[in-house]
Structures are given as C-alpha cells and as structure tokens.
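Below: the structure, in structure tokens.
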Amino acid sequence: MSETFGQRLSAALDLHGALCVGIDPHAALLSAWGLDATAEGAREFGLRTVEAAHGRVGVVKPQVAFYERYGSRGFAALEDVMAAARDAGLLVIADAKRGDIGTTMEGYAHAWLAPGSPLEADAVTLSPYLGADSLREALAMAVHHGKGAFVLTATSNPEARALQSAIVDDGLAVGDHEHVAARVAHDVNQANIGAPGALGPVGVVVGATVDRSAFGLGDVALAGMPILAPGFGAQGAAPADLRRLFGYVASAVVANESRSILAVGPDRLAARIDERAALYRECPCMAETRRPPEVDRAAASRRAVEARRERAALKRDVSTRVISPQELLRRGLADPLSAAGAMRVTEFLTAIPAIGESKRDRILASLGISPVKRLGGLGSRQRDALRSYLDTRWPEPGPREGRSRLIVLAGPTAVGKGTVAAHIKENYPEIHLSVSATTRGARPGEVEGEHYYFVDDAEFDRLVEAGELLEWAVVHNKNRYGTPRAPIERVLAEGGTALLEIDLQGARQVRAADPSATLVFLLPPSWDELVQRLVGRGTEDAEERARRLRTARVELAAQNEFDYRVVNDEVNHAAAQVVELASAQH
Ligand SMILES: Nc1ncnc2c1ncn2[C@@H]1O[C@H](COP(=O)(O)OP(=O)(O)OP(=O)(O)O)[C@@H](O)[C@H]1O
Ligand SMILES: Nc1nc2c(ncn2[C@@H]2O[C@H](COP(=O)(O)O)[C@@H](O)[C@H]2O)c(=O)[nH]1
C-alpha cells in the first residue's frame, strides 16, 4: 500500500467533508430499527448503515463493544460489517480503545491493523493510560502497514478530566508545565515523523465538547495529527462550531455523529447522512482551513525536543544554584530566541528553590506579569520589577573590601579545582600552591610531597594536636585533609601569594581564622557539565559519585559566602581569572 493512512484520510475529508458515521448498534436502537438484540441484529444494523454511508461520507466508526457483547458471533458480525465498509471504499476506524503492554499490545495491534487479519480496519482507537510509550510498537506497526491510530487524549466523559488534564511533573515539560493529554499527543506524534502529507497516520481523540485548552491541546500541539472528535450531533456540538472549537486544525477533524443519525431509523438513514454531511461541507471555515501548510514534522519535533532539553538543563542549573536566577534572566533578556529567552516566567520562578506553584502565582500577580509571558518577551517595567524582586530576595553578593593574598579556591567536586590549581602552579610559579596532608591513599601517578603528603591516621592526629594545620576537615564523609600552616605563614610573611585548594568546610575555617582571606568559588558552566566531568574523570565508582554530587549541591548553596565566583569553562581562562584576583589583593 503506497499511500499512508493520513493521506487516505486527507483525501476522504477533502471529498466528503468531516462527517464520520458512528455504527453503534446498542440495544435500544436495534429495537427501534425492528432488529433483534443479537449478533445477527447488530450485523444487519451495521450493513444497512454502511450501505447508507457509501458515497455520502468518507469514514465510518463501528463501536466494537456493541459487537463484542455477543461473543464470537458478535465478532463475526463485526468482521462482515468492516469488510463491507472497506469494500465500499469507506475508511473504517475500529473504536476498540485498546491499550496494553508488550506482546499483549502487539496482539491487539495485529488483530486490528495487520493486513489480512479477520478484523482488519484502517485505523483503531487506542488508550495510552499504561504509558504512551507502551503504544510505540503498535503505532510503528500501524505506520508500517499504511494504517492509522487515534490515541485518547481529551475524551468527552467528565470523569476523565482530572486525569487527562493533570500536570506532568518530571521536569521535561515543553512549556512551564504540561498536561497529561498534551504529553500523550506529543509522544505519539513521534510516530508521525517522516510521514508524507499534511496529516500523519497517528492521530488523537479530542472530544468536541471539552475545552481543549484545559488539556494543553492548542493548535500547535495538534498540528499535523488527525483528530477524531466525538461529541457532535446529539452530544451537543454543531457542525457550524467546527472552526470555533478546533481553530487552525479544524481541517484535520473527523467529526463523529452516531445517535443524531442512527436515531432516524433505517428508512431515512441515507437522507439524514446527506443532510448532516452537507452541514460540515458547507461550514464556512473549511474552505480556508482545508489544507494546512506542509510542516516538516521531523525537524519541528527534533527542535521541540532539543529546546525542551535546553530549558530543562537551565532549570537544573538554577535549582542546583550553578547559576543565579538573575543570571538566567540576564541571558533570557539578552537573547529572546535562546532557550533562556523562550522560558516562561512560570517555569523560571518554579526552578528557584523554595518557590512552589502557589507562591509563583502570588509573585506574578504582585509584579503584574502575565503567566504566559516568556523571559525574552518581558516589557521594561516587568523586567525591572522581576529584577528588583530577585535582588531583594536573593542578593548577588559583591567582594568584601581589604582582601589579603591568602587565596582560597573551593567549589563542588569535579568542577576542576585541582586542574585549575595545577595549571596555576605550572604557569604562574610566583604563586605558592599549598600541598595538603591527607589520610587517603595515593592514586596512581600521585607523588608524595607534590600532590599531597600522604599520612596515616596517627600522624594526622598528631598534626592536629600540634596545631600544625591551618584548617582540616573530613571531606565527602570519608578521609581527612588539612593545610599545613607553616609554609603558608612563611609565604605571606614574605609578601607572596598562597593558594589553597580546599573544600567548603576548610574555606570556612580559614575565613574564621583569617577574615581577610580572599575566598574564590569555582563554578561549572552547568550542572550537567559538572556531572559529565565527574563521570568522565573515572576515579570514583557510582556510589562515591552519588555521595560527591550530594555534597556538591550543599557546596553550591554556600557560594554566596565567597568573595568571588569564577566559572571554569576553559582551564586557562579560569586560572587567569583566579591569578588576576590574587594580584589585585594587598
Ligand atoms: N575547564 C574544563 N573543561 C573540561 N574539563 C575539565 C575542565 N576543568 C577540569 N576538567 C576535567 O574535569 C575533571 C575533574 O577535574 P578535577 O579533578 O580537577 O576536579 P576537582 O574540583 O579537583 O574535583 P574533586 O574536588 O572531586 O577532587 C577532570 O577530568 C578534569 O580533567
Ligand atoms: N578542607 C580541606 N580540603 C581539602 C584539602 N586538600 C584537598 N581538599 C579537598 O578534598 C577534596 C577531595 O580531594 P581528592 O584529591 O581526594 O579528590 C577536594 O574537594 C579538595 O578540595 C585540605 O587541605 N583541606
């Protein structure tokens, strides 16, 4: 089959309009039609509906449950009805609402979508509530066989609303937050990547009677996907409402009507379908929206995923305090098209530790900023209001006056303190790099007296008791490290510069012992880069890495205790900045 389901559906909608006739032989209708409530009655009902629909609409949707209730005979009747519809050139959407995992889901997909299967349809409705990912294989099978699928997102039954409109809270939201329905639409839309034509083969079910904005299903979220919309006719939505309800994506809607058509009985059925179909074709909106422009779904989807990742990484940077909220705001204002610029104010505020959703809303209301605003789109009054709010709550400290040439370099694990210090030692010999004593064992390549003085516990105890250490600490809850006092005092007495590469606890002790010390905090360019450096160094196992990253968060939260912050993006650049700071001191 060379054409995709999306292409065949587009052609059918172009030719016949949006109406899809539902085939729902429930007991009351069977009786009204003078048919028995049996498999045979349901078969007759279906076949007559197919006959009336033939040439009048492009799509029919048998409701599987009304056949399944009669067991194997019911399924046999359904097979006949679907085969007759497909022979008549109608596209058949089997409304089966299947959803399972693994090979079970594969079984369902095979039943409804495999060519030659007794229940072969053109498309099937699927439920994503075992996780949209559980449908991945079924959707791939649909695409492979030129079939389609409609995945439930925002259904018209009121009891589904709380679940389908709930917010996904996994830090990967495209906007400031994302509803379950919108995430499902996004995830299943991945199966459409690369499909030719204006409509992909995988679509969604969106009730015509629901407010789709409450589910995050705006036009952008639905672009390029066929939309199966129950709720027209007896349920309340009218054909003339199509454009109002579905906006730019109205031309992708398959508008299902069942009761409003079937209730007229078999004799008036064809005329009724004609009447209702004409209302959709005459809808003034359709001429304008018939064909949305071709979109490169693959590229658009890749860009959306990349942008989402970038924003998630920036939010991590703020929440781990690798960058200040003010810094993120500066980046967003400097480049409105960047990931920072595209971040919504709501996303931005909730990335700041201690701001939850209700506090966020109060802040925005008090600053007069609409929640839909993005950082790059803030007006000048709003920028000033947000800046001054942030500066009041989280002031960015400047250096204290009168610093000395005792320089303390600290920062989270794997930020590159050792690397920067080694670079300074090699390239700026005028600066004395302190050699610490430690109880940890030497790593391969480490030299006694050059990298550390490797001592046992007894010797470390002696150094402490004798007051020979300027500071010392247990680092990462494991080994003891300390700075020998004598060499530092000698260097400073000679008017030189001493550099200590030590941990946060040590930095605090030095500051307590000598308040004039210059404290420099080394920052990574991003949290993700920090993790990357730790993993890339390969000197710690997973447990030790996790321990160090926990400590890193605590250390990052203490950066405001330092006089200066230097970002270690390039080693020589960061080293030069530290040296410049050292030279500027008395
Ligand atoms: N600017 C940089 N760019 C890229 N990689 C870097 C940079 N600086 C350091 N690294 C690398 O990051 C890893 C961690 O560096 P380093 O061991 O110096 O960190 P540290 O802060 O001393 O860590 P710890 O406190 O855990 O001892 C090393 O593999 C190092 O080569
Ligand atoms: N308080 C001190 N901390 C120190 C000292 N020397 C090193 N360190 C810190 O220890 C960790 C781990 O070092 P590693 O060589 O085992 O990876 C690192 O954060 C150093 O800054 C010291 O004398 N006092």
**OP:** Within region 371-405, work out how many residues are small (G, A, S) and assigned to a loop (DSSP other than H, G, I, E, B).
**Re:** 4
Original post:
For region 353-360, does any single residue satisfy the condition of being away from ligand 1 (no atom under 16 Å from the Cβ) and over 22 Å from the mean Cα position of the chain (by Cα)?
Top reply: yes
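Sort through R545, R537 and tell me the only one that's within 13 Å of ligand 1 (Cβ to nearest atom), basic (K, R) and over 27 Å from L328 (Cβ atoms). Outline the logic, then answer.
On the way: R545 fails: over 27 Å from L328 (Cβ atoms).
One residue alone meets the criteria, R537.
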**OP:** Kindly check whether there is at least one residue in region 87-98 that is part of a helix (DSSP H, G or I) and at pLDDT 95 or above.
**Re:** no
Subject >> Candidate set: region 420-435, residues that are farther than 15 Å from P525 by Cα and within 11 Å of ligand 1 (Cβ to nearest atom); chosen: the one surrounded by the fewest Cβ atoms within 10 Å (Cβ to Cβ) >> reply: A422
Original post:
Somewhere in region 57-74, is a residue closer than 27 Å to V143 by Cβ, in contact with a Phe, Trp or Tyr (Cβ under 9 Å, 6 or more places away or on another chain), among the acidic types (D, E) and assigned to a loop (DSSP other than H, G, I, E, B)?
Top reply: no
Original post:
Do we have D187 as within 22 Å of the chain's Cα centre (by Cα), closer than 30 Å to E306 by Cβ, among the acidic types (D, E) and not in a loop (DSSP other than H, G, I, E, B) here?
Top reply: yes
**OP:** Name, by its number, the condition in (1) within 15 Å of the chain's Cα centre (by Cα); (2) within 20 Å of L378 (Cα to Cα) that does not hold for A313.
**Re:** (2)
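Taking helices (runs of 4 or more DSSP H) that do not extend beyond region 289-358, which have at least 2 residues that are at pLDDT below 90?
Values: elements: 297-319, 325-334, 345-351.
It comes to 297-319.
Can you tell me which residues in region 245-271 are out of contact with any strand residue (DSSP E or B) (no Cβ under 7 Å at 6 or more places or on another chain) and either within 17 Å of L9 (Cβ to Cβ) or without any contact (Cβ under 8 Å) to a residue 24 or more places away in the chain (or both)?
Pass one, region 245-271, residues out of contact with any strand residue (DSSP E or B) (no Cβ under 7 Å at 6 or more places or on another chain): 247-248, 250-251, 259-260, 262-271.
Hits for region 245-271 are A250, S251, V264, D267, R268, A271.
For region 402-425, what are the residues that are of a type in the set (K, R) and within 11 Å of ligand 2 (Cβ to nearest atom)?
Pass one, region 402-425, residues of a type in the set (K, R): 403, 405, 417, 425.
Across region 402-425, the qualifying residue is only K417.
Across region 99-125, which residue is farthest from M225 (Cα to Cα) among those that are assigned to a loop (DSSP other than H, G, I, E, B) and of a type outside the set (G, A, S)? Break it down stepwise before answering.
Going residue by residue through region 99-125, those that are assigned to a loop (DSSP other than H, G, I, E, B) are 99-101, 114-122.
Add one more test, that the residue is of a type outside the set (G, A, S), and what stays is 100-101, 115, 118-120, 122.
Numbers: D100: 22, I101: 23, P115: 23, P118: 27, L119: 24, E120: 22, D122: 16 Å.
Filtering first and then ranking leaves P118.
Select, from R393, R387, the only residue that is under 25 Å from T320 (Cα atoms), without any contact (Cβ under 8 Å) to a residue 24 or more places away in the chain, away from ligand 2 (no atom under 16 Å from the Cβ) and of a type outside the set (V, I, T). Let's see the steps before the verdict.
On the way: R387 fails: without any contact (Cβ under 8 Å) to a residue 24 or more places away in the chain.
From the options R393, R387, the qualifying one is R393.
Only one residue in T483, T439, T497 is among the polar types (S, T, N, Q), farther than 28 Å from N572 by Cα and more than 14 Å from ligand 1 (Cβ to nearest atom), so which one is that? Walk me through it before giving the result.
Numbers: T483 fails: farther than 28 Å from N572 by Cα; T497 fails: farther than 28 Å from N572 by Cα.
From the options T483, T439, T497, the qualifying one is T439.
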**OP:** For R545, indicate whether it is part of a helix (DSSP H, G or I) and surrounded by fewer than 17 Cβ atoms within 10 Å (Cβ to Cβ).
**Re:** no
Original post:
E555: closer than 21 Å to V474 by Cβ, part of a helix (DSSP H, G or I), near ligand 1 (Cβ under 10 Å from one of its atoms) and not hydroxyl-bearing (S, T, Y), yes or no?
Top reply: yes
Subject >> Every pair of residues 6+ apart whose Cβ atoms lie under 8 Å, when the first sits in region 458-484 and is in contact (Cβ under 8 Å) with a residue 60 or more places away in the chain while the second is of a type in the set (S, T, N, Q) and buried (at least 19 other Cβ atoms within 10 Å of the Cβ) >> reply: H476/T413
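Per-residue answers, yes or no, for (1) crowded, with 18+ Cβ neighbours inside 10 Å; (2) touching a Lys or Arg at 6+ places or on another chain (Cβ under 6 Å):
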residue	(1), (2)
G332	yes, no
L337	no, no
A340	yes, yes
F348	yes, no
A354	no, no
D361	no, no
L375	yes, no
R383	no, no
R387	no, no
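Does E396 satisfy being more than 43 Å from the chain's Cα centre (by Cα), loosely packed, with under 14 Cβ neighbours inside 10 Å and among the charged types (D, E, K, R)?
Values: more than 43 Å from the chain's Cα centre (by Cα): no; loosely packed, with under 14 Cβ neighbours inside 10 Å: yes; among the charged types (D, E, K, R): yes.
Answer is no for this residue.
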**OP:** Could you grab me the full set of residues in region 574-586 that are surrounded by fewer than 14 Cβ atoms within 10 Å (Cβ to Cβ) and more than 18 Å from S404 (Cα to Cα)?
**Re:** none
Original post:
Taking interchain pairs and intrachain pairs at least six residues apart, which have beta carbon atoms under 7 angstrom, with the first residue in region 492-518 and in contact (Cβ under 8 Å) with a residue 60 or more places away in the chain and the second in a helix (DSSP H, G or I) and within 16 Å of ligand 1 (Cβ to nearest atom)?
Top reply: L499/A421; L499/I424; E501/K417; E501/G418; E501/A421; L504/E555
Original post:
Taking region 528-570, which residues are within 14 Å of G411 (Cβ to Cβ), among the β-branched types (V, I, T) and within 16 Å of ligand 2 (Cβ to nearest atom)?
Top reply: T551, V554, V566
Original post:
In region 436-473, what count of residues is obtained for those that are under 46 Å from the mean Cα position of the chain (by Cα), surrounded by fewer than 16 Cβ atoms within 10 Å (Cβ to Cβ) and more than 9 Å from ligand 2 (Cβ to nearest atom)?
Top reply: 4
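The values are calculated or read from the model by the stated rules, or taken from the named source; none is laboratory data. These figures come from a predicted structure and were not determined experimentally. Every residue, glycine as well, gets a Cβ built from its backbone with ideal geometry; the counts of neighbours run over all protein chains shown.
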